[in-house]
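Reviewing the structure listed below.
The values are calculated or read from the model by the stated rules, or taken from the named source; none is laboratory data. The shown structure was predicted, so the numbers you read here are calculated from the model rather than taken from an experiment. Reconstructed Cβ throughout: ideal geometry from the backbone, glycine too, with neighbour counts over all protein chains shown. Areas reflect the complete protein model, heavy atoms only, side chains present, ligands, DNA and RNA absent. Shrake-Rupley method; radii C 1.70, N 1.55, O 1.52, S 1.80 Å.
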Amino acid sequence: SEAQLRQRAWIEDNRRKVDSLSGGKLAYVWVPNTSAPAITAFDRYYFAQQNKQGAVIDERFNGGGLLDDYMVEIMARKPLGGITTTVPGAPATRLPAAGLFGPKVLLINEMAGSGGDYFAWVFRQLAIGPEIGSRTWGGLVNAAVPYPLVDGGSITAPALAVYGPNSQFIVEGEGVPPDITVWQDARDVAKGRDPQLERGVQEALTLLKTKGVTPPPPPAQWPIHARRPGR
């Protein structure tokens, strides 16, 4: 099967498109699911683009798996300061050392479900940025398989469910609605366009103008107690 190659081509085409449309200012990160492959993909793409000023996070077609905390919490990091260097003219090390601190937008669609629903819900709860696209699938209740049948089949049953800080169940049967609704028009897609991705870049660039993040510069002088005779 060439499915893996086609998927990689789609990811890289999206990354190049975001880079081109944003003039090199924005990163692109696709989150395929909320299991181990997603952690690998997120770490590879997110931390490799820390020099960007903002990011388009894409969780369309997210297949779910587990409930993500790690990825969204990483995206919520804010600059805290830095570490100076003894090399003249070299830039300071940012703190936290790992992170992409600029504004972020999230692309969602009706094919993102389960852990993909939760990913979009947490992204909104932590106020990372606007969500663009179409409402997520809305299937967050875990399906247990406790009843095997004699013919080799099985019967599923609803099991674990997720609730929010108000002690109310979330997302199930409703999904996570976008802040900005953008449908994928078949004619545009057939022409090689991606209306949701293009709107995501547009919104992220607008946020850069109003909510861009500038890490604090290093102090002008060394601390007094760090000075030594002869220095």
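The residues packed around Phe119, meaning those with a beta-carbon under 9 Å from its beta-carbon, carry a net charge of -3 if Lys and Arg are +1 and Asp and Glu are -1. Between Thr85 and Gln7, the simple spin-label model (points 7 angstrom out along Cα→Cβ) gives 3.8 nm. Extension gain for Ile155-Ala98 works out to 16.0 nm (0.36 nm per residue, less the C-alpha to C-alpha distance). Rounded to the nearest 10 degrees, the angle from helix 195-211 to the longest Cα principal axis of the chain is 30 degrees. As I understand it, the value is the acute angle between the Cα axis of helix 36-46 and the longest principal axis of the Cα atoms of the chain; what does it come to in degrees, rounded to 10? Tilt of helix 36-46: around 30 degrees. Candidates Ile39, Pro88, Val56 compared by Cα position along the dipole of the chain: farthest toward the positive end lies Pro88, with charges placed on Cβ.
Principal-axis analysis of the Cα atoms of the chain puts helix 115-125 at an angle of about 50° to the longest axis. Residues whose amide H comes within less than 5 Å of that of Gly175, counting only those at least five positions distant or on another chain, are Gly138 (H built at 1.01 Å from N in the peptide plane). For the chain, the 222 nm mean residue ellipticity estimated from helices alone, with every DSSP H stretch of n ≥ 4 adding -39500 (n - 2.57) and the total spread over all residues, rounds to -9000 deg cm²/dmol.
In terms of the mean number of neighbouring beta-carbon atoms within 10 Å, the peptides 23-34, 138-149 order highest first as 23-34, 138-149.
Length gained on full extension, Gln202 to Gln221: 2.8 nm, using 0.36 nm per residue less the C-alpha separation. Can you match mean projected area of the Cα convex hull in nm² to one of these, (i) 11.3; (ii) 12.1; (iii) 19.0, based on a calculation from the structure here? Read-out from the structure maps to (iii). Using R0 = 22 Å, the C-beta based FRET efficiency linking Val189 and Ser35 works out to 0.20.
For the chain, the tally of Lys pairs with Cα-Cα distances below 15 Å comes to 15, considering only residues 8 or more apart or on different chains. What the Cβ-Cβ distance of Phe169 and Asn51 gives, at R0 = 45 Å and to the nearest 0.05, is a FRET efficiency of 0.65.
At q = 0.16 Å⁻¹ the log10 of I(q)/I(0) for segment 52-162 amounts to -0.80, computed by Debye summation with a single uniform scatterer per C-alpha, solvent ignored. Taking all protein chains together, Met75, Met111 sort by accessible area into Met111, Met75, largest first [probe 1.4 Å].
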